[in-house]
Every structure is written in structure tokens, then in C-alpha cells.
Number of protein chains: 2
Amino acid sequence: MSSKDGEVTSKGEQTRTRIVDAAMTLLEERGYDGTTMRAVADAAGVSLGNAYYYFASKEHLVQGFYDRLQELHATAAAERLPGVDGLGARFATSELAFLDAAGRYHRFAGKMFAVAADPSSPLNPLSEASTPARDASTQIMREVVRGSTVRADARVLEELPDLLWLAHLGVVLFWVYDSSPDQRRSRLLVTKASPVLERLVGLTRWRALRPTVNELLDLVAELGGRSAGR
Amino acid sequence: MSSKDGEVTSKGEQTRTRIVDAAMTLLEERGYDGTTMRAVADAAGVSLGNAYYYFASKEHLVQGFYDRLQELHATAAAERLPGVDGLGARFATSELAFLDAAGRYHRFAGKMFAVAADPSSPLNPLSEASTPARDASTQIMREVVRGSTVRADARVLEELPDLLWLAHLGVVLFWVYDSSPDQRRSRLLVTKASPVLERLVGLTRWRALRPTVNELLDLVAELGGRSAGR
DNA sequence: CGATGTTCTTGAACACGTTCAAGAGCCCGC
DNA sequence: GCGGGCTCTTGAACGTGTTCAAGAACATCG
């Protein structure tokens, strides 16, 4: 693949990194629209065409940012989770970690989200290209569930990480649209909703609710974690 | 407003309509990206700049399409709802009406959705510009609830139209990402989920669930129907 | 060393969404 | 009729994301 040896940073890889670094700086400085491919190329010291040699599109370039945000979330969550017990508290911890990590990028989160919402975009959370990012995210939720002392219906317990991932998407959605200062309302949502979530999960052990719970789970299972894809 | 009399179609209004018509035809024929502003202007028999006199942006133009789709949904739902009794059945009827009306545009629904997902877009369901469309949509849900024989907790009953609107957004979301032939899975979702939804609503009358239900409603109320906006 | 194929780089070009100054058409009061 | 102020219309221009043919730099093999 490379000329030299097993060294990770071939010439091309270095250029690629320079481009991503330039892009991240500009994204934070000028937002999505302000970050033109020409500006990125200039800042990275390469020609416009060269940037396209490494990244098929602006969206592919932005995915680099997206992946890094995911990492920040995973790291922060792993740091804070130990010692936290209840399911609700653990979920809240994870989500607050996300809000802290993502806060500085909130101003262009909307644009990012819009780009990601396109099913044909590589940034789409359900797309092939972001399978790693999605897996990393559900992994966090698995950790949230595993360390908790929650009791629930067995099937629910099994599906819980995926369900929490959906809840996380909901939080992200709310956060993206949150125009309150410092996104306080998003934090409010997380702290208020988490106990309710825990209570709901606990309720699934009730005999009388079993049929309804099973109906719900069947529904989720049948429609598949991979949403509506074939 | 117009030169003539109370006639609805002034010169400008006619041109505006011609442009929207051209846009809808092209959207169905060529998809979102294929529908260039130049092509729309050509098809409508006006200059490019003229199209921008009537629509501030491509997104605003597409909103014309969006509004019409909403109308089609409302009309179709109003046609089919009479005689349908249960809440689940009524919701399913409304949603299937939507799926039928929207089906032909599914191929570019993703792009539309992506554009709409941008908080700064006029197409965004929570934006100022789409207040009418949103109201029209919740109106359908009010009708779904009003005609039904559902029994539920009083507060739930009051919030139900808004909650069903959220459920509708969920259906739309699923549909957008539905790549199954003829979007069969979306229809499956609607037919399977509607009875579960009815059952859940019915459960809210249980004494034992009252605290949890109230917690949930408080949460929804506090965070506001207008999502995270101030 | 020299030839050959691969990787990397360039700048020009294209179509697009959008803006804008300029003008055409129209209506009203005089 | 005619001036003045609207509404409506135009075409050129700008900056954008993206493509592409061409060449430079480099690696590999004889």
C-alpha cells in the first residue's frame, strides 16, 4: 500500500491528516457554510483538486469531524460512568457527557444534522459508512446497561442498549434544535427524562403489562434495528 | 392587494402558481437535485431571476410542494375517516392516507427531509414559516381523536393530538428511510403500531400508572410542544 | 541507470444556487 | 395624457461544490 514499510504515515496519509485538521479548525471558526473546500485546501496548503483526491465530497470530509466527536463522547462517558448505579443516572451521565463534548460545536450542529439526515449521505447514522460510529455509540449504551442495577423484563433487558441508542438520538435531536443559552433545556430534558425512563423500564416486569410490552418488542424487532432498510 | 377586484389570481399569483406547478412536475420527474432553478424557470416560462422574485430560495419553492402534500393528506384523511371508530384504526387510516399521497414522491423524500432538518430552513417543521403546515397537520390529528371512541386519562386526551402529531413525524421519518418496495414496511409499521398505540393510550386510565403517566405528561409539557425553542 | 506504472498534484472548467442593478409593464391621481 | 410609484421581469455576474485531463513525483523492476 505504501512505499516505505509498515509506517502508518505515508506521504498521502500526512496530506490527508493536514486536510482534516484544517477542516476542523475552519469548521469551528466559521461554521459549515463558511468552511469552503477552497478555504480548506488553502489552509492545508494543497490545491482544490487535491483535496478532492482524498475526500470524495465535502460530506466525506466532515465525517472526520463526526467520528472524532463520537470518540470524545465515548471517552467522557467511560470516565464518568464508574460508580454511578441506577439506569436512569447512568443514562443521564452518558448524555450529559455528550452534551459537554458537543457543546462547542452547537452552532453548526444544525447544518451537520441536516447533511446527516440525507439517507444518501455518508454521514447518515444508518448508512454503511457510519457503521463504526453507530457501533461505538451502541457500545456506550451497552456499558450504561451493563453497569446498572436495573431489573426489567428479560427481553427488554436484551433490547435495552438499542432502545437507549434511539433515546440518545432523541436527545441529539432535541439538542440540535435547542436554542436556549448553553443548551440548558437539553440538560433539563436529560435530567428529568432519565428517571421517568428508569421507571418505565421497571414497569415492564409487571405481569399485567406483559402482553403490551411484548407487542411493543415484537414491533421493534419486526421493523428491525436497521430501521426500514430491506 | 390586487389591481382588479376580489379575484384571487392577480398577475403575480398566476406566475407564482405556474412556477410551483413546474417545480412539482420536475421534482417528480427528476428528483430534487435534478430540479434546478434554471430548469424550473424554463419550464414555467420565466427567467431565472424572476423565479427568485417569487421564492427567496429553492427551499422556499419546495415548501410550496410541501404545503400541497399536506393538503392532499388532509383531504384524503377527511375522506376516509368517517365511519372508522377506534383510535388506532383512525390513526392508521390517517397515516395510510399520507403514505398513499406521498408515495409517488418517495424517491426524493430523503433530500426533502434533509433540507427540512436544518433548523434554519424555512421547511423545518418547527420553524416560523411552516406554522400553517404544522397547524394543518395537528388539525388532522385533532379530527382523528375527536371522532374516536377512545377512553383515556383526561390530561392524555387533551395532549393526544400533539402526541399523535409526534407519532406522525415518526412515521414520516420511518417512511423517508424505507427502502422496501412500495414502502411496504412503512405500511406494516402503521398497521402494527396503531393497535399498540391504542392499547397504550387505554392503559393511561389505570390508577397504578397514574404517577408515571403524569410524570411523562409533565415532562412533555415542560419541554413544550415547541421543542427546545425559548 | 532507464523505462514503466502508480500515486499524488494541479489549475481550468462546469453547473448550480443566489444576488443585483437595470428596465418593462402597469395603475393611480392629476 | 402624463408623471410617479408600484409590481414584475430580465440577464449578467459571483462564489460554491465538483469533475477532469494533464502532468509531476515517486516506486518498482529489468
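The values are calculated or read from the model by the stated rules, or taken from the named source; none is laboratory data. All values derive from a computational prediction rather than experimental measurement. Note: ideal-geometry Cβ built from the backbone for every residue, glycine included; neighbour counts use all protein chains shown.
Structure above, values below:
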item: Residues that are free of Cβ contacts under 8 Å to residues at least 40 places away in the same chain, surrounded by fewer than 19 Cβ atoms within 10 Å (Cβ to Cβ), among the hydroxyl-bearing types (Ser, Thr, Tyr) and within 13 Å of DNA strand D (Cβ to nearest atom), drawn from the range A:11-56; result: A:15, A:36, A:47, A:52, A:53
item: Test result for residue B:163, within 21 Å of the chain's Cα centre (by Cα), modelled with pLDDT of 85 or more and either at the interface with chain A (Cβ under 9 Å from one of its Cβ atoms) or farther than 25 Å from residue B:103 by Cβ (or both); result: yes
item: Some residue of the range B:151-173 being β-branched (Val, Ile, Thr) and closer than 30 Å to residue A:121 by Cβ; result: yes
item: Given (1) more than 14 Å from chain A (Cβ to nearest Cβ); (2) within 15 Å of DNA strand C (Cβ to nearest atom); (3) closer than 26 Å to residue B:183 by Cβ; (4) over 19 Å from the mean Cα position of the chain (by Cα), number of the condition residue B:21 does not satisfy; result: (2)
item: Selection from the range B:59-72 of residues that are under 18 Å from residue B:117 (Cβ atoms), more than 14 Å from chain A (Cβ to nearest Cβ) and either within 16 Å of DNA strand D (Cβ to nearest atom) or without any contact (Cβ under 8 Å) to a residue 60 or more places away in the chain (or both); result: B:60, B:61, B:65, B:69
item: Extreme residue, surrounded by the fewest Cβ atoms within 10 Å (Cβ to Cβ), among residues of the range B:96-129 that are under 24 Å from residue B:157 (Cβ atoms) and away from chain A (no Cβ under 14 Å); result: B:96
item: Filtered residues of the range B:181-228 (kept if in a loop (DSSP other than H, G, I, E, B), out of contact with any Ser or Thr (no Cβ under 8 Å at 6 or more places or on another chain) and free of Cβ contacts under 8 Å to residues at least 12 places away in the same chain); result: B:206, B:207, B:208, B:209, B:224
item: Residue A:154 without any contact (Cβ under 8 Å) to a residue 40 or more places away in the chain, of a type outside the set (Lys, Arg) and more than 18 Å from residue A:74 (Cα to Cα); result: yes
item: Any chance residue A:138 is away from chain B (no Cβ under 14 Å) and either in contact (Cβ under 8 Å) with a residue 12 or more places away in the chain or under 22 Å from residue A:109 (Cβ atoms) (or both); result: yes
item: Top-ranked residue of the range A:92-145 - restricted to ones that are closer than 16 Å to residue B:173 by Cβ and of a type in the set (S, T, N, Q), ranked as farthest from the chain's Cα centre (by Cα); result: A:120
item: Count of the range A:69-106 residues which are basic (Lys, Arg) and modelled with pLDDT of 90 or more; result: 2
item: Count - residues of the range A:166-202 that are at the interface with chain B (Cβ under 9 Å from one of its Cβ atoms), surrounded by fewer than 19 Cβ atoms within 10 Å (Cβ to Cβ) and either under 24 Å from residue A:147 (Cβ atoms) or basic (Lys, Arg) (or both); result: 5
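Results for (1) among the polar types (S, T, N, Q); (2) at pLDDT 85 or above; (3) touching a His at 6+ places or on another chain (Cβ under 7 Å), shown as yes or no for each residue.
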| site | (1), (2), (3) |
| --- | --- |
| A:127 | yes, no, no |
| A:135 | no, no, no |
| A:199 | no, yes, no |
| A:205 | no, yes, no |
| A:227 | yes, no, no |
